[in-house]
Amino acid sequence: MRLSLPAPARARSLAGLVLWLSGCEQSGTGPRIEAAWTGTDTGAIAASARVAWCPAGARLEVLAIRADQGFGLVLFPAGDSLGAGEFQSFDPGIDTAVRPGVAAAARWFTDEKMAAFQSDSGTLELARAGSGYDARFGFRLRGLDGADTLLVTGRATGLVADTPCPADSVPPPASVSPPAPGE
């Protein structure tokens, strides 16, 4: 026996399925970060990424969030545009933005607290890939509490700025003119 739903119920079911599928992780398409870490904690993330070029601060922001994990990169090119090359990591809590440079951060929830880490050393190699960039990286991340460290390796692929830049709080390098009022 075949069960048939009335047309309005089928439409609602189909709409619900489409909404549910649109929230699912789309592997292999668009910008993506894959990273794994070891040290005082062990873990990994593989997720789609949001990529934004921020012209006022001359930086590329790459952020991946999956469930309760987050991993991000901020690339600071030498000039006012992004180009392939090696980016040295720095500690964003101590140093001003190094150019060319990269800062990395990771966070996740444990049963007792939110674990949060930021880079203090390492490198990222950025290469042209079609109309965007791919990156391979290796960093040492230090816990914000100063007690824990992690070694993280990974890659970011399909880096094409696809979203507007969030609020700009990093001053531009000397070679970049700030936008005129009203721009």
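Taking the Cβ of A64 as the centre, find all other residues whose Cβ is under 9 Å away and add up their charges (Lys, Arg: +1; Asp, Glu: -1).
+2
Exposure proxy for E61, E112: other Cβ atoms within 10 Å of each Cβ, ordered fewest to most, give E112, E61.
How high is the FRET efficiency from R107 to A129, r the C-beta distance, R0 22 Å, rounded to 0.05?
Efficiency, rounded to the nearest 0.05: 0.20.
For segment 42-167, the pair-distance distribution built from all alpha carbon pairs, in bins 5 Å wide starting at 0, is 2, 11, 22, 25, 21, 13, 5, 1, 0 percent.
Every number in this text was worked out from the coordinates using simple rules, so none of it is lab data. The model shown is predicted, which means the values in this text are computed figures rather than measured ones. Cβ atoms come from the backbone with ideal geometry, glycine included; neighbour counts cover every protein chain shown.
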